[in-house]
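Note sheet for the following structure.
Read-outs throughout are calculated quantities, based only on the coordinates presented, and are distinct from any laboratory measurement. Since we're looking at a predicted model, the values are computed, not measured. When we count neighbours, we look across all protein chains shown, and the Cβ atoms used for this are built from the backbone with ideal geometry, even at glycine.
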Amino acid sequence: MKVGVLTGGGDCPGLNAVIRAVVRKGSFHYQDEFVGFLEGWRGLMENKSIVLDSAAIAGILPRGGTILRTSRTNPAKKQDGLDACIATLKAHGIEALVAIGGDDTLSVAKKLSDRGVNVVGVPKTIDNDLAGTDYTFGFDTAVNIATEAIDRVHTTAEAHNRVMVVEVMGRDAGWIAIHSGVAGGADVILIPEQPFDIDRVADTIRQRHSRGRYFSIVVVAEGAKFSSDVNPQHGAPILQDLGKDEFGHARLGGIGNILAREIEKRTGFETRTVVLGHIQRGGSPSAFDRVLATRYGLQAIDMVHSGDFGCMAALRGNKLISIPLADALSKNRTVDQEMIKVADGILDRLVDEQETVGT
Ligand code: F6P
């Protein structure tokens with residue numbers, strides 16, 4: 001078969017491992033030929049491609065980023081964009097397309113599938129918030145990077161008697177914040193799922209310090225929200241600017257600095273912020289992500305050959321399965337009660353027994 005491959009949306013460690021697994025199993029086991037479309041849906045729309053052969057994938061397993069590059073281009077937002085994608089596939093004689101991306105990329109895959117294109121999706125996001133699958137590759141690497149940063153911040157916080165706020169990625173879901181916060185021994189973890197009261201955060205820190213501790217670590221997801229009227233954007237995520245990408249997402253970021261200012265104002269403790277940003281998405285994937293990404297790639301090419309189109313590879317328990325794309329796109333996978341209980345169990349507690357993580 002002639003198979004197209006593309007990577008769309010924000011990059012994440014492990015993309016190259018997926019590409020490599022698709023191409024290796026496809027060529028070794030099925031005698032497939034591969035075309036890689038560059039820069040996500042833009043490459044398909046504008047017919048920018050490379051031959052994906054064994055030379056193209058040599059040595060890419062440990063490399064971060066994606067050899068196919070990526071973009072947040074949305075063909076559904078361009079005049080005749082989806083038609084242009086279909087025309088490119090026809091021009092190359094592509095019989096099936098493997099689209100590796102998050103909900104935005106996969107929403108376009110679904111639209112093409114509805115128009116009769118043979119598409120298989122592979123879920124990707126460091127945020128780990130795609131429905132239908134237990135873990136996305138890239139998440140483990142991001143958590144490891146954030147955990148190492150929290151460990152480092154710990155020693156400097158301790159040395160200076162400071163509160164340190166660490167802002168991590170997580171637009172709609174706090175998976176990175178809660179996993180790295182638990183792994184790094186944070187004292188407060190704030191996630192988008194639970195708007196937080198800044199006065200209670202300050203109380204938690206004050207009480208901890210009144211028990212003889214002289215530093216605190218706060219981990220906050222970029223999409224976390226103040227419940228009280230601390231700034232004009234209360235109740236909504238903090239935005240870097242008012243621009244939106246082609247899928248309608250605003251740029252988040254800045255909550256760490258606002259939080260640090262408000263904590264210092266309320267507690268009098270010197271407070272600093274570290275924003276990890278794209279460091280969490282860069283560099284070599286962890287061993288776990290290399291294996292997971294490889295398994296996703298193998299599952300995707302098997303799905304191509306079993307005709308499982310309009311579907312996405314998904315991890316359930318320890319098994320790779322196929323689910324309809326529509327199931328993955330139906331909602332976000334937010335942090336579950338199980339994980340909230342874990343964080344709640346080890347965090348410092350206020351007097352109020354109702355509190356959970358984030359307060
Ligand atoms: O795709 C997930 C993500 O990493 C979010 O956590 C973050 O808000 C966003 O991407 C950042 O996107 P960009 O790379 O366009 O700045």
> Let a ≥ b ≥ c be the square roots of the eigenvalues of the Cα gyration tensor of the range 231-301; is it rounded (a/c under 1.5), or, if not, prolate (a/b larger than b/c) or oblate?
Replying inline: oblate
> In terms of modelled amide H atoms, which long-range or inter-chain residues lie less than 5 Å from the amide H of GLU167?
Replying inline: VAL220, VAL274, VAL275, LEU276
> If you average the sequence gap of Cα pairs under 8 Å that are 6 or more apart and divide by the length of the chain, what percent do you get for the contact order?
Replying inline: 22 percent
>> I'd like the trypsin sites (Lys or Arg not before Pro) in the range 58-120 restricted to DSSP loop residues with at most 13 other Cβ atoms within 10 Å, sorted by number.
In response: ARG115
> the range 161-205: D in µm²/s via Stokes-Einstein (Kirkwood Rh, Cα pairs, 25 °C, 0.890 mPa s)?
Replying inline: 217 µm²/s
> Using a ≥ b ≥ c from the Cα gyration tensor of the range 1-111 (square roots of the eigenvalues), is it rounded, prolate or oblate, where a/c under 1.5 gives rounded and otherwise the larger of a/b and b/c decides, a/b for prolate?
Replying inline: oblate
> Under the Kirkwood approximation for Rh and a Cα-based Rg, what ratio Rg/Rh is obtained for the chain?
Replying inline: 1.03
>> Can you tell me what share of the DSSP beta bridges in the chain is antiparallel? A percent to the nearest 5 is fine.
In response: 25 percent
>> Show me the ranking of peptides 303-313, 203-213 by mean Cβ neighbours inside 10 Å, starting with the highest.
In response: 303-313, 203-213
> Between the helical axis of 287-306 and the dominant principal axis of the chain, each derived from Cα atoms, what acute angle in degrees is found, rounded to the nearest 10?
Replying inline: 30 degrees
>> What is the angle, in °, between the Cα long axis of helix 337-346 and the longest principal axis of the Cα atoms in the chain? Nearest 10 is fine, range 0 to 90.
In response: 40 degrees
>> How long are the semi-axes of the equivalent ellipsoid of the range 158-282, defined as square roots of 5 times the Cα gyration tensor eigenvalues? Whole Å, largest first.
In response: 25, 16, 12
>> Which lysines, if any, have their Cα less than 29 Å from the Cα of LYS265, not counting same-chain residues under 8 positions apart?
In response: LYS225
> Under the Karplus relation 6.51 cos²θ - 1.76 cosθ + 1.60, θ = phi - 60°, what is the ordered set of whole-Hz ³J(HN,Hα) values for the range 21-31, x standing for Gly and Pro?
Replying inline: 5, 4, 5, 5, 5, x, 6, 6, 9, 10, 6
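Return the Rg/Rh ratio of the range 299-353 with Cα-based radii and a Kirkwood Rh.
1.27
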